[in-house]
């Protein structure tokens with residue numbers, strides 16, 4: 001028996017805790033080879049989600065020699081776990097962006113997100129991508145207990161930012177009665193993985209190359225920038241775009257300015273036409289976000305549904321990554337909330353969680369990585385990863401091609417984030433991180449492993465060290481250091497997704513210690529000896 005991180009037992013395919021994003025139903029994503037040997041590129045893109053693939057697409061369209069690397073399949077990261085809202089109704093609230101960045105900043109935020117939606121629509125038409133792109137209205141609903149003044153302030157801020165068509169409206173949802181809301185016209189939605197499938201086809205057509213299952217474990221700045229993978233392949237690139245959600249190129253600078261959160265989603269079957277087709281959000285904290293999708297033909301999870309059904313996608317229930325393990329309760333909350341507001345709900349079809357990065361000043365980081373001229377980052381999605389990813393690709397394409405971009409300064413990673421009203425948030429998040437290290441010093445007493453259930457993990461203290469122990473489906477226990485390889489914070493077990501999550505900066509690892517989410521790039525260190533527990 002082996003305790004090598006990443007060596008997955010075949011029984012793990014059926015282990016509880018792995019969730020099922022609706023986009024995986026019948027997505028039929030293309031397969032790409034692992035990178036071998038050495039290769040040269042003008043631009044190497046690390047990350048094959050929407051930010052990386054759109055960057056590669058736009059650059060390849062301009063004749064740039066592009067190579068894309070990802071440690072999993074295309075769309076296998078957070079893009080496959082989004083709810084795929086496309087909106088310029090800013091996640092943090094336009095009024096909050098205006099408070100932190102002024103009227104000019106709020107105008108840039110809504111203008112850039114609107115332009116990203118327009119670019120997605122243009123790409124879909126030009127490349128004839130079948131991804132269910134749809135323009136529709138969005139409604140901001142008042143959460144119970146909130147003052148209507150919240151909506152009044154948001155409406156005024158939206159108008160000052162240039163969204164003159166935003167208006168008061170009666171909620172289109174019957175169960176909400178005549179509750180007032182704000183209507184945001186010309187929002188959109190799509191199927192994110194089908195969109196990436198179309199981009200992948202176009203990238204290859206235009207001379208770009210995509211390599212999957214190619215984990216970058218070293219990136220050295222310079223001219224050229226050098227990248228290495230765990231498979232000992234190498235890339236020499238004039239420029240590098242790091243599109244790994246949380247950047248792998250920076251140890252501290254950006255990670256003190258943003259925080260990782262888990263967000264939860266349920267899919268619920270509803271009769272076709274029972275819920276008006278729109279995007280919905282509320283003013284709660286954490287807020288709820290809702291849209292509709294059609295199940296894939298023949299999808300296993302909905303094949304027993306009666307004819308003429310849709311899937312209501314409901315998200316919310318956020319918590320700091322690695323700082324709670326109550327996913328079941330959060331899924332239940334979302335379902336209960338949805339059944340009250342949408343009485344036509346029939347049954348649960350999907351559950352999943354994803355990871356978002358919240359910058360302390362509400363604005364993403366897009367541009368040259370601090371201290372580098374040749375490495376660029378796209379990070380800090382703040383719950384709007386689809387539009388942030390695309391507008392990030394638009395900005396970086398201009399910068400790499402030597403063109404000015406009207407939004408570049410606003411999103412620059414080197415900007416000072418201790419602006420008015422953001423300093424308190426910065427202090428709160430970094431005090432929270434510091435507390436995780438205090439907890440690490442205190443440690444835990446070693447637990448008894450005999451009663452540990454299958455497919456479960458626990459962190460124990462042994463000989464002054466923190467050990468992450470995972471018990472697989474055969475009863476064997478796999479032991480590794482519990483210290484995150486990014487900045488040595490103690491990881492915590494996530495029973496919902498079956499992963500080790502870092503409560504400091506959001507790195508995540510599979511049960512055997514293999515990296516799932518940046519900023520970590522190295523696996524959890526295996527413990528020399530492996531404990532074995534009798535199977536059941």
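No lab work stands behind these numbers, since they all come straight from the coordinates. This one's a predicted model, so the numbers in the text were calculated from it and none came from an experiment. All Cβ positions, glycine included, derive from the backbone under ideal geometry; neighbour counts span all protein chains shown.
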For the peptides 231-242, 79-90, what is the packing order when you average, over each peptide's residues, the other Cβ atoms within 10 Å and list the highest mean first?
79-90, 231-242
Mean Cβ-within-10 Å packing, highest first, puts peptides 483-495, 384-396, 31-43 in the order 384-396, 483-495, 31-43
Given Cα pairs under 8 Å that are at least 6 residues apart, what percent is the relative contact order of the chain?
20
Potential extension, residue 135-residue 333 segment - 0.36 nm per residue separation minus Cα distance:
68.4 nm
Segment residue 156-residue 277, extension gain: residue separation times 0.36 nm, minus the distance between their alpha carbons:
41.0 nm
Extension reserve of the residue 221-residue 175 stretch, reckoned as 0.36 nm per residue once the Cα distance is removed:
11.0 nm
What FRET efficiency comes out for residue 408 versus residue 34 if R0 is 35 angstrom and r is the Cβ-Cβ distance? Round to the nearest 0.05.
0.55
Sequence-separation-based contact order of region 463-516, relative, with Cα cut under 8 Å and 6+ spacing, percent:
23
Of all DSSP beta bridges in the chain, antiparallel share, percent nearest 5
75
Just to be sure I understand the model, the point goes 7 Å from the Cα along the line to the Cβ. What's the resulting residue 103 to residue 344 distance in nm?
4.2
Would you mind computing, in nm to one decimal, how far apart the modelled labels at residue 474 and residue 294 are, each placed 7 Å from Cα along Cα→Cβ?
4.5
